[in-house]
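Okay, so here's the structure we're looking at.
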Amino acid sequence: MTVENNILYHCHGGDATGAFMMKNIGEEIVNNLVADCTLGRVITLAPFIEPGWDFTVRRNVFALDGNVMRYDTSGQTFSGMAGTLGSLPAEVKKGIKEVDCNVIAAKDPAKPNPSPYPENGMDKNSYFGDPLLKRGKPDWDLQYGDYSLAATSPAFKLGYRTIPIDSIGLRKDFPFDKLAATRRLATEKIQAEDYQRMSGLRTVGGLGINRISKGAWVKYANIDFGSGQASTAEFGLEPSGGGKAFAELRLDAPNGQLLGTLMAGQKSCPVQKVSGIHNLFVVFPDSSDRLLDWFRPQPTSAGSIKED
Ligand SMILES: [Ca+2]
């Protein structure tokens, strides 16, 4: 299988995750771009219990490095199969076919190629340094996704080809209005983990968000406030001591109009009336270990709240 011409961005899985995992025979990761992620490793080059070898990683742009390591390799990679180390034929032991000609913003510029297996020639011809990404817009803007490279980027010298952005995503003739289909009402419970974009926190799968760092934010796109009915927002979250501000509701940007501030120890807060369709941001002025499960920016009167 060849994985080609993908842009991976805003994946914040933390130290236990990687952008790509190679786990089969003859897989190729070619001409992809990885940027603005929080990852433990960029690529896993270690089959688990299934056989896997002849891996190719060529002409990619890694505008970041793994927090823990760049390539998750092990002796098993080079035996081709976990648990059978040393018992496979010699040709199979050569797990990596080619890892080269990539552009890598190395975490440690002083030691840019910490390959555990230099005999495999990993990234011998790769460029270590700034790939010269063009970032024209703030990263909470949905249009911030072009991820083009400056004409002088070292990637082009190594054969990287510009990824055709216009051919990524739904086609223009897609037969329904995606915005209408994904619109959410401000009067309904919005699951905290169902965000479009975030920065500085972790998702607890299917449950909520937590491990919030100072200045973290979460974006909920396409929220319909209707004509603006209520003046109190509700939050479903773990209890805590009071005193400090826990979360701010802001309109259209992390530094946008402040609608209301939820103090720690509270479960609801007054908000300004809003109408129309907006992107809603929940911004956290301080770090916190609390778990936010859901919130409802604009509940209808108490008698008509429908729990789910
Ligand atoms: Ca939830």
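Read the figures in this text as sums done on the coordinates, not as results from a lab. Small disclaimer: the values here were computed from a predicted structure and weren't measured. Neighbour counts run over all protein chains shown; Cβ positions are idealised from the backbone, glycine included.
Quick look at the values:
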| quantity | calculated |
| --- | --- |
| Distance (nanometres) between label positions extended 7 Å along Cα→Cβ at I277 and A245 | 3.0 nm |
| Whole-number D in µm²/s for the range 198-308 (Stokes-Einstein; Kirkwood sum over Cα pairs; 10 °C, 1.306 mPa s) | 112 µm²/s |
| Per-peptide average of other Cβ atoms within 10 Å, ordering 288-297, 171-180, 101-110 highest first | 288-297, 101-110, 171-180 |
| Packing-based ranking, highest mean first, of 124-135, 274-285 given that Cβ atoms within 10 Å are counted | 274-285, 124-135 |
| Extension gain, H10 back to Q229 (0.36 nm per residue minus Cα-Cα distance, nm) | 75.5 nm |
| Inter-site label distance for K214 and D173 at 7 Å from Cα along Cβ, in nm | 5.4 nm |
| Two-site label geometry, D166 and D286: point separation in nm, points 7 Å out along Cα→Cβ | 5.1 nm |
